[in-house]
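Single-structure report; data block below.
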Amino acid sequence: MITHTNESSSSGDEEMSTSDGGNSETETNVLPPMPAMEVTQIEFEAYPPADEDWDGVRALLDGLVKGLTLDVGNFSQTLIDNYKVGTVIKGADIEEGEDDPVFAVASILPLSLFPDSAKLKQLTTSLLSKCDADTTSDVDKILSSPDTAFLLNAKFNNLPLQITAQLYKALKMELITERRENTSYNVRNLVMLAKSFQEPEQGRKVKRSKHATPSVQYEGADLSMLSEIATHSFSWKVTDETLAPMDTTKRAEEVSQGYRTVLVVPTDRFLKSVDKIVETLSSES
């Protein structure tokens, strides 16, 4: 269980008062007292995905798969039904009748476990349509292999990095356990869907052909590190998604363009990288 504290405050309006001193009138700006700081404490806890989490899982996945053609509801249910390598993050000690949102979901979901081959085909065909010409053949073979799994990690944007680190640790432990206990569980490649972005100056300076993979950046160090060990990657623009500049020296209109990126990471490379990812995320939190 991890406790996270959010602190927020609202600034009051500046008040104007007039004091009369003899024949002259002086205007004085008087700042109001600082408002009390609102402190919110949230305790997070990890659970196996369950049917009651369907709405929350679907909402998170819906934001992750923008630009793809698939049945997100069916995808969410498949993830929940195959929960052996998967975790959801929810609030701890939620009382009956209270909202119980899913703050994050992480899962390794083998393609061989999809019960509806037609819906899986719809998804893989949509993914292939985003590839550039140089990677389509290789990615097609990977998506057609029973030894391939989706690596999913969807979460609220402001989730503490230490929670993300714990999700990676859980995935590694559960994957190793499942491999040891189930000899038929032989996942060789992980296909990860990731949120990415392109800064405005990148889009202006780099002219690319229609099918060329754009140069993108990632908000999280974990995704940047996984991109370095990926054997294949490709990205596409999410036309209705922009990000405000994180650099306060930039103008408000200098927004970054949202993208989605697919990273193909061999499972053994992923397992070897998890400890470093956890260490990096923990040091940044």
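Here, each number is a calculation from the coordinates, and none is a lab measurement. Note that this is a predicted model, so its numbers are computed, not measured. Heads up, the Cβs are rebuilt from the backbone with ideal geometry, glycines too, and the neighbour counts pull from every protein chain shown.
At-a-glance table
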read-out: Ranked by how many other beta carbons lie within 10 Å on average, peptides 151-157, 257-263 from highest; value: 257-263, 151-157
read-out: Given Lys237/Lys272; Lys155/Lys276; Lys130/Lys272; Lys90/Lys121; Lys169/Lys195; Lys130/Lys276, the pairs whose alpha carbons are separated by over 24 Å; value: Lys237/Lys272; Lys130/Lys272; Lys90/Lys121; Lys130/Lys276
